[in-house]
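Everything on this sheet refers to the single structure shown next.
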Amino acid sequence: MNLNFHQMNFTRILYYGEITLPFSATDLFIASTTRHPISYYAERMKFFQYMAAGKPILAEEAPGTKSVFNDDAHYVKLDDIDAMADAILKLYYDEDLRRRLGYKNRKRLETLFEWSKLIPTYRNFILSVLN
């Protein structure tokens, strides 16, 4: 790949609360994954950022994606490039499906993964380890 740095535009550092701003310009997020279990946890931050943008997500089926998105993403089998291409076209042409998936993802994030919901769980876990 020939990367031309003159075509890149670095505007400024984005702070945590602003991370979804550039995401709002996209129509679809693709959550590709891997067969390596350790990456299931590393990928989650990216998944949560996608969900926060309220956009549809096309994901490869894997334990990490299923546990985060549940039924609120459009799935294809892991490593199935043809199915991925077909799903991209399906979502491109189905605006209603894109809108529904985006809404459901944002709601799932707000319901299950906001800090106000997670802090008690983390607190109880830490206390149980200390005791």
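The values are calculated or read from the model by the stated rules, or taken from the named source; none is laboratory data. The shown structure was predicted, so the numbers you read here are calculated from the model rather than taken from an experiment. Quick reminder, even Gly has a Cβ in these numbers, built from the backbone with ideal geometry, and neighbours come from all protein chains shown. To get the accessible areas, we keep the full protein, side chains included, count just its heavy atoms, and leave off ligands, DNA and RNA. Shrake-Rupley method; radii C 1.70, N 1.55, O 1.52, S 1.80 Å.
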ILE57, sole failed condition from (1) among the β-branched types (Val, Ile, Thr); (2) open to solvent by 50 Å² or more (accessible area, probe 1.4 Å); (3) closer than 17 Å to THR26 by Cβ: (2)
If I filter the range 71-128 down to residues being open to solvent by 60 Å² or more (accessible area, probe 1.4 Å) and of a type in the set (Ser, Thr, Tyr), which single residue comes out as farthest from the chain's Cα centre (by Cα)? SER128
